[in-house]
Amino acid sequence: MSQTMNRKDFFRQIVEERRSIRKYDPNVKIPHEELEEMVTLATRAPSSTNLQPWKFVIIDSAEGKDKLLPLAGYNSTQVTTSSAIVAVFADTESVENLEEIYSKSVELGIMPQEVKERQVKQISAGYQTISRKQKLDVALVDNGLVSMLFMLTAKAYGYDTNPIGGYDKIHIAETFGLDKERYVPVMIIAVGKAAEEGYSSYRLPVDSVVEWH
Ligand SMILES: Cc1cc2nc3c(=O)[nH]c(=O)nc-3n(C[C@H](O)[C@H](O)[C@H](O)COP(=O)(O)O)c2cc1C
């Protein structure tokens, strides 16, 4: 951030300059460490009871892209030219993370033991009473948040993205070796160095989407 740019302007610039890019410079490879850093930042996203119900399959090898391409339909250019495709999946069994997340919080001194015990009991009991559909609904909201944060993070790192919903959601989990009952595809996100400007896109006026009470 330059000395003259305050936090608000800086954030505004990231948000306003993000746009979907559908063609990338195929010669630019984002190093794994940098992609990992971006995903790490994205996972600062909030999630329901902090269960972090997401899984990222990062496809950046020629072999991985060959497997993805037949599933990408009209979005093939993003697959062939991007540095990587981040396939985001909602984990419908994120309750499996519960003990680790809450124990680690105690270990790190960010949560008292008694709070952990109360929360773990409450959350696991609650989880047992809800249907898979309800778990998925919760997980999908959380995955929207983490996906958006990944795209903003990528922009801040000097890259561009395209969230993609137009792909074969029936086959993607098993194509990449995931249990398709547990992991539900949310979107795939192309990330790389833009090779075109993309389009600016219209947003509805704020007073048409806001109600005040
Ligand atoms: C869930 C989701 C699915 C999308 N699917 C596609 C897609 O399959 N192909 C594509 O080119 N763009 C896709 N987009 C991008 C939208 O077209 C784009 O975000 C929208 O037009 C606004 O433009 P902007 O991202 O440049 O602000 C998708 C966006 C979202 C959020």
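The values are calculated or read from the model by the stated rules, or taken from the named source; none is laboratory data. Note that the structure is a prediction, hence the values are computed from the model and not measured. When we count neighbours, we look across all protein chains shown, and the Cβ atoms used for this are built from the backbone with ideal geometry, even at glycine. Only protein heavy atoms, including side chains, enter the accessible area calculation; ligands, DNA and RNA are left aside. Shrake-Rupley method; radii C 1.70, N 1.55, O 1.52, S 1.80 Å.
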ALA90 vs. criteria in contact with a Pro (Cβ under 7 Å, 6 or more places away or on another chain) and within 29 Å of GLU34 (Cβ to Cβ): yes
Subset tally (residues that are surrounded by 13 or more Cβ atoms within 10 Å (Cβ to Cβ), among the charged types (D, E, K, R) and either within 9 Å of the ligand (Cβ to nearest atom) or in contact (Cβ under 8 Å) with a residue 12 or more places away in the chain (or both)) for the stretch 161-212: 5
Selection from the stretch 193-213 of residues that are assigned to a loop (DSSP other than H, G, I, E, B) and of a type in the set (A, V, I, L, M): ALA195, LEU204, VAL210
Residue ID - surrounded by the most Cβ atoms within 10 Å (Cβ to Cβ), chosen from residues in the stretch 6-35 that are in contact with a helix residue (DSSP H, G or I) (Cβ under 8 Å, 6 or more places away or on another chain) and not β-branched (Val, Ile, Thr): TYR24
Positions within the stretch 50-78 being among the polar types (S, T, N, Q), surrounded by fewer than 19 Cβ atoms within 10 Å (Cβ to Cβ) and assigned to a helix (DSSP H, G or I), in sequence order: ASN50, SER76, THR77
Residue match in the stretch 89-103 (condition: within 16 Å of the ligand (Cβ to nearest atom), touching a strand residue (DSSP E or B) at 6+ places or on another chain (Cβ under 8 Å) and open to solvent by less than 40 Å² (accessible area, probe 1.4 Å)): yes
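Rundown of residues vs (1) in contact with a Ser or Thr (Cβ under 8 Å, 6 or more places away or on another chain); (2) open to solvent by 30 Å² or more (accessible area, probe 1.4 Å); (3) in a helix (DSSP H, G or I); (4) away from the ligand (no atom under 16 Å from the Cβ), yes/no style:
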| site | (1), (2), (3), (4) |
| --- | --- |
| ILE110 | no, yes, no, yes |
| VAL115 | no, yes, yes, yes |
| GLN119 | yes, yes, yes, yes |
| GLN122 | no, yes, yes, yes |
| ALA125 | no, yes, yes, yes |
| GLN128 | no, yes, yes, yes |
| GLN134 | no, yes, yes, yes |
| VAL138 | yes, yes, yes, yes |
| LEU145 | yes, yes, yes, no |
